[in-house]
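This report refers to the structure that appears directly beneath it.
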Amino acid sequence: MTRSDSGPPSPRQDDAYAALRFGEFRNLIAGVFLFTVAMLAQEMVLGYELYAMTHDPLVLGLTGLAEAVPFISLALFGGHFADRHERRRIIVMSLAFVLLGSAVLLAVTLPAVRGRLPQATLLLVIYGVIAALGLARGFLTPAAGSLTAFLVPREHYGNASAWRSTGWQGGAIAGPLFAGFLYSLAGLTATLAAVMLLTALALALFSRIRPRPPQPPPQQAAQEDAGIWQSLREGIDFVRRTPIILYSISLDLFSVLFGGVVAILPVFAADILHVGAQGLGVLRAASSVGAMLSVLACTRYPPTHRAWRNLLVAVTGFGVATLVFGLSRSFWLSVAALFMAGAFDSVSVVIRGTVLQVMPPDHLRGRVISVNSVFISASNELGAFESGLAARLLGTVPSVVFGGAMTLLTAAYVWRRSKALFAVRLE
């Protein structure tokens with residue numbers, strides 16, 4: 001049985017703040033918030049700096065590829081590791097490694113050091129650190145994702161998923177805004193130093209969560225004899241046998257792979273909308289503001305009653321908002337389009353998060369979440385590479401319009417193939 005934080009009696013199921021009444025879950029959400037602020041701030045200023053240095057959108061896409069390849073290579077093993085070892089320790093060690101990587105970035109971008117490095121060498125070091133952070137995420141993501149189920153009771157998984165998304169989206173709002181203004185006022189070095197401080201605070205919060213030993217599988221002896229490949233195959237097979245998991249993560253993969261525009265926002269800020277670093281911060285934050293408001297609504301009005309219908313509607317709305325953004329030449333219309341894209345995307349995030357907590361058994365959850373993480377990384381980081389490459393080949397605006405159209409076609413195709421899932425209830 002899933003264990004939760006000991007403390008007061010479990011809150012009512014209709015309590016919008018149910019998951020937040022568990023202290024260790026609050027530490028998890030606060031840690032997620034600070035870490036998200038740090039990583040998105042770091043990502044934004046590095047992207048802006050690289051584009052200012054090269055004026056090549058493909059350079060932005062390569063940052064996504066540099067992170068995606070090691071993460072995808074390791075994520076399934078990270079899920080196996082999370083199901084076999086103490087999750088809190090994995091999170092703390094991974095964050096310590098991330099902190100070290102941020103220190104390297106700070107060191108090589110110091111004016112005294114950067115001035116002596118050829119541009120090619122500087123790019124190689126930055127890509128190398130980004131790849132190392134991808135390796136750390138391969139362990140961090142399944143461990144942190146599967147920990148939620150051990151901090152709150154099962155009846156509050158949906159509420160916990162919404163609040164976890166709130167923590168992430170809050171960080172996604174604060175990170176780009178914080179980075180845009182600090183970068184404009186104090187420069188790259190001060191921003192990267194602030195990133196290190198925020199990461200250290202997140203590490204301290206995660207350290208306050210009590211250790212959670214791995215859950216034993218139902219057939220302990222058989223599981224002990226199984227090798228790592230058998231273990232990984234169990235997680236993959238469970239996803240394949242559970243249509244709502246398979247279709248939901250596949251839908252996210254293709255919609256964000258084609259429809260995501262985050263990686264090339266520096267191009268829009270610099271060359272199309274002409275709004276500079278502060279405007280880039282507003283653009284990056286806009287989708288997260290929409291997502292935050294949407295996910296807060298989900299804590300009171302959960303979208304899981306008719307989960308599959310709501311998921312398809314959300315992905316369709318995301319595609320339409322992407323098309324509007326691609327065609328816009330007004331800064332505020334572009335901000336509004338990104339706001340709506342984030343609002344629709346957060347609904348699908350809450351639904352998928354609930355599915356991934358409810359459907360897998362405890363002893364498989366880390367591996368199932370690691371499979372989901374591979375799909376997410378393929379959509380986000382490989383999507384960033386696709387965005388940069390498409391912008392180079394098709395042009396920035398045509399590439400976004402193409403991506404929005406492909407998202408709508410993907411939603412229509414999945415709707416035709418998955419009508420049986422309209423009857424699934426997650427409550």
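Observations on the structure shown:
- Given the chain, longest segment not containing exposed loop trypsin sites (Lys or Arg not before Pro) (DSSP; at most 12 other Cβ within 10 Å): 117-328
- Approximating the spin labels as points 7 Å out from Cα along Cα→Cβ, the His305-to-Tyr17 distance works out to 2.4 nm.
- Averaging 1/r across all pairs of distinct Cα atoms in segment 51-129 and inverting the result yields a Kirkwood radius of 14.8 Å.
- Residues considered: Ala143, Ala291, Ala193. Largest GNM mean-square fluctuation over the chain, using C-alpha springs under 10 Å, is found at Ala193.
- Listed residue (Gly158, Gly281, Phe318) projecting farthest to the positive dipole end of the chain, Cβ model: Gly158
- Only Lys, Arg, Asp and Glu carry charge here, each on its Cβ (+1 for the first two, -1 for the last two); on that basis segment 272-427 has a dipole of about 380 debye about its Cα centre.
- With the charge dipole of the chain set up from +1 on Lys and Arg Cβ and -1 on Asp and Glu Cβ about the Cα centre, the Cα lying farthest toward the positive end among the listed residues Ala18, Tyr413, Phe268 is that of Ala18.
- Proxy reagent accessibility, fewest Cβ within 10 Å first, across His156, His305: His305, His156
- Treating each Cα of segment 286-343 as one equal point scatterer and applying the Debye formula with no solvent, the log10 of I(q)/I(0) at q = 0.18, 0.20, 0.27 Å⁻¹ comes out as -0.62, -0.73, -1.04.
- Of the residues Phe178, Ala82, Thr121, the one whose Cα sits farthest toward the positive end of the charge dipole of segment 81-182, with +1 on the Cβ of Lys and Arg and -1 on the Cβ of Asp and Glu, is Thr121.
- Crossing angle, helix 57-84 versus the chain [Cα axis fit, 0-90 degrees, rounded to tens]: 20
- Rounded tilt (10° steps) of 87-108 against the dominant C-alpha axis of the chain: 10
- Kirkwood Rh, angstrom, segment 225-329 [1 / mean 1/r, Cα pairs]: 16.7
- Comparing Leu192, Leu201, Leu58 in a Gaussian network model of the chain, where Cα atoms under 10 Å apart are tied by springs, the biggest mean-square fluctuation is seen for Leu201.
- This model, with +1 at the C-beta of Lys and Arg and -1 at the C-beta of Asp and Glu, gives the chain a dipole about its Cα centre of some 620 debye.
- The mean of 1/r over all distinct Cα pairs in segment 91-213, once inverted, gives the Kirkwood hydrodynamic radius of 16.5 Å.
- Amide N proximity, segment 324-368 versus Asp271 label position 7 Å along Cα-to-Cβ, cut-off under 13 Å: none
- For segment 256-307, the alpha carbon convex hull comes to 91 Å³ per residue, rounded to a whole number.
- Rounded tilt (10° steps) of 243-259 against the dominant C-alpha axis of the chain: 0
- All Cα pairs of the chain, percent lying beyond 39 Å: 15
- When the Gaussian network model of the chain links Cα atoms closer than 10 Å, the mean-square fluctuations of Gly115, Gly260, Gly281 top out at Gly115.
Here, each number is a calculation from the coordinates, and none is a lab measurement. Bear in mind the structure is a predicted one, so any value in this text is a computation, not a measurement. Virtual Cβ from ideal backbone geometry, glycine too; neighbours counted across all protein chains shown.
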